[in-house]
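S.K.: Can you keep this structure in mind? I'll have questions shortly.
The values are calculated or read from the model by the stated rules, or taken from the named source; none is laboratory data. None of these values were measured; they are calculated from a predicted model. Note that each Cβ is placed from the backbone with ideal geometry, even for glycine, and that neighbours are counted across all protein chains shown. For the accessible areas, the whole protein counts, side chains as well, though only heavy atoms, and no ligand, DNA or RNA atoms are used. Shrake-Rupley method; radii C 1.70, N 1.55, O 1.52, S 1.80 Å.
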Amino acid sequence: METILLLAHTETDGSLAKSAREALHVAADLHKAFAGSKLVVGLVGEDVQAAANSIAACPAVKYFGVAGKEFGQSRYATDAAAAEAICKAAQATIVVAPATSRWTRSLPGVAQRVGGRAETHVTGVSTDGGKITVNRWYYRQRMEAVLTRAQRPWFMLIDPGSQAACGCGAGRPRLKPLPLT
């Protein structure tokens, strides 16, 4: 059974960028494709409640948040620590995140810390017979490969603009804060 984690960071105003909603669309599609899978949302930022509220109608069963002033700015150390804590708390087997400069810099390191693998420049994700394949760009986006992995957790960084944005509605989900020690 797959546990699919959407990992997103907030903007300076506490909202989610369009690229995060695009990654959520991919995560929700994967959740639909695998019966018995769980969708979990993990948010990082200075204040994450407004971002969680904006996507509350998505099919996520849990929402984790790492919040505080030190998480408002992009820094490798705080971003990696927050992402690692969320991945471990969610027990994620698949991590879907927008390929922002913030995540592209830190998530491959997080994948290494948790024994996983990371794909950057993902432009498409599909499923067939219980198998996930990703389309990934190489060599300055001049070559594309179709890959699959058995290794878990599998981190997928979705290139902005390559997917439709999720139109999840608002609400008030129960957000579980994860303090970092």
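S.K.: Would you mind calculating the relative contact order of the chain from Cα pairs under 8 angstrom and at least 6 residues apart, reporting the percent as a whole number?
M.R.: 30
S.K.: Dipole magnitude of region 5-103 about its Cα centre, charges +1 at Lys/Arg Cβ and -1 at Asp/Glu Cβ only, in debye to the nearest 20?
M.R.: In debye, rounded to 20, region 5-103 gives about 280.
S.K.: Related question: On C-alpha positions alone, give me the angle between the axis of helix 76-90 and the longest principal axis of the chain, in degrees, nearest 10.
M.R.: 80
S.K.: Let me ask you something else. Suppose we look only past 18 Å in the calculated P(r) of region 13-64. What percent of the Cα-Cα pairs does that tail hold?
M.R.: For region 13-64, the fraction of Cα-Cα distances above 18 Å is 28 percent.
S.K.: A 19 angstrom limit on the alpha carbon distance is what I want to check against. Which of Lys38/Lys176; Lys38/Lys88; Lys32/Lys88; Lys18/Lys38; Lys32/Lys131; Lys32/Lys62 exceed it? Don't skip to the end; give the middle numbers.
M.R.: Details: Lys38/Lys176 16 Å; Lys38/Lys88 15 Å; Lys32/Lys88 23 Å; Lys18/Lys38 23 Å; Lys32/Lys131 13 Å; Lys32/Lys62 16 Å.
As for pairs spanning more than 19 Å Cα to Cα, those are Lys32/Lys88; Lys18/Lys38.
S.K.: How big is the chain by Rg and Dmax over its Cα atoms, in Å?
M.R.: 14.8, 44
S.K.: Could you look at the chain and say what percent of its accessible area is carbon and sulfur, using a 1.4 Å probe and all protein chains?
M.R.: 50
S.K.: Nearest 10 degrees, 0 to 90: what angle lies between the long axis of helix 101-113 and the longest principal axis of the chain (Cα atoms)?
M.R.: Here the helix axis deviates by roughly 80 degrees.
S.K.: Kindly provide the Kirkwood hydrodynamic radius of region 92-170 in Å, to one decimal, from all pairs of distinct alpha carbon atoms.
M.R.: 13.2
S.K.: Springs between alpha-carbon atoms under 10 Å, Gaussian network over the chain: tell me which of Ala89, Ala56, Ala67 tops the mean-square fluctuations.
M.R.: Ala89
S.K.: Counting alpha carbon pairs within less than 8 Å and at least 6 residues apart, what relative contact order, in whole percent, applies to region 95-135?
M.R.: That works out to 25 percent.
S.K.: So, how do all the Cα-to-Cα distances of region 52-140 break down into 10 Å bins, in percent, from 0 on up?
M.R.: Percent of pairs per bin, in order: 13, 42, 38, 7, 0.
S.K.: In a GNM of the chain with a 10 Å cut-off on Cα contacts, which of Gly45, Gly124, Gly169 has the highest mean-square fluctuation?
M.R.: It is Gly169.
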